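First comes the structure, then the notes that go with it.
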Amino acid sequence: MSATRKTTMASIQHCVGNFRKQEWWQRLEVEMHAWQKDLPENWDDLVVAPHFFEVQREYEVDATRVMGLDHTGTTCYCSFDYYRTALRYDDGDVLYEEIVYSEAQCAWRLYDGTWLVRRALMTSEDCGVEKVSYRVADTMPR
C-alpha cells in the first residue's frame, strides 16, 4: 500500500471516528441521566423536559450534582446525591466500606414555574430504608 493511500485511509478513519464520537455524545446528552426515574406517576406532562445536562462531581467526597437545561438553556431539572461511608469489619475480620448516610434530592420545574422537589434520606440506623418526601416549592432548591 502506498504512503498516500495509508495517509488517506488514516484521515478517513480519523474523521469517521470523530463523527461517531460526536453522534455518541449527542445521544448521551439526552440519555445520560435518568431524570424521570423518581418522578411520580402522571407528572410527566407537567414538567419541563431537559435537553442537556451538566454534571458536577465533588472530588473530595462522594457527591454529584446534575443540572438539566431546557432548549433555551434555562435550568428545568436538578439533582444531587451525597454518600458518607465508614470502614467496617465483617465476621472474618475483613475490612469493607459501608454507606452510613445518604442523601439525594431531585427537583423538576413545572410549567407554571414552581418546582416539584423529592428528598430521600437514609442512615445506617434505618437498615437501608429510604425516607422519601415530596413537596412543591416556589424556587429551585440550592
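Residues that are in a loop (DSSP other than H, G, I, E, B), open to solvent by less than 60 Å² (accessible area, probe 1.4 Å) and of a type in the set (A, V, I, L, M, F, W, C) within region 41-53 comprise Val48, Ala49, listed in sequence order. Take Tyr82 and decide whether it is open to solvent by less than 70 Å² (accessible area, probe 1.4 Å) and in a strand (DSSP E or B). Against the criterion (open to solvent by less than 70 Å² (accessible area, probe 1.4 Å) and in a strand (DSSP E or B)), Tyr82 qualifies.
Inspect region 127-137 for any residue being open to solvent by less than 30 Å² (accessible area, probe 1.4 Å) and either among the aromatic types (Phe, Trp, Tyr) or at negative phi (or both) and give the result as yes or no. Within region 127-137, one or more residues are open to solvent by less than 30 Å² (accessible area, probe 1.4 Å) and either among the aromatic types (Phe, Trp, Tyr) or at negative phi (or both).
Among residues of region 101-121 that are within 30 Å of Leu87 (Cα to Cα), those with a Cβ under 7 angstrom from a residue that is open to solvent by less than 20 Å² (accessible area, probe 1.4 Å) and not in a strand (DSSP E or B), sequence gap 6+ or separate chain, pair up as Gln105/Pro141. When Gln56 is tested against (1) closer than 15 Å to Gln36 by Cα; (2) assigned to a strand (DSSP E or B); (3) not charged (D, E, K, R), just one condition goes unmet, and that condition is (1).
Within region 85-126, the set of residues being open to solvent by 80 Å² or more (accessible area, probe 1.4 Å), over 19 Å from Ala63 (Cα atoms) and assigned to a strand (DSSP E or B) comprises Arg88, Tyr89, Leu95, Tyr96.
Annotation: of all residues in region 62-78 being part of a loop (DSSP other than H, G, I, E, B) and more than 14 Å from Trp115 (Cα to Cα), the one that is most open to solvent (accessible area, probe 1.4 Å) is His71.
The values are calculated or read from the model by the stated rules, or taken from the named source; none is laboratory data. If you're wondering where the values come from, they're calculated on a predicted model, not measured in any experiment. Reconstructed Cβ throughout: ideal geometry from the backbone, glycine too, with neighbour counts over all protein chains shown. Please note that ligands, DNA and RNA were not included when accessible areas were found on the heavy atoms of the full protein model with its side chains. Shrake-Rupley method; radii C 1.70, N 1.55, O 1.52, S 1.80 Å.
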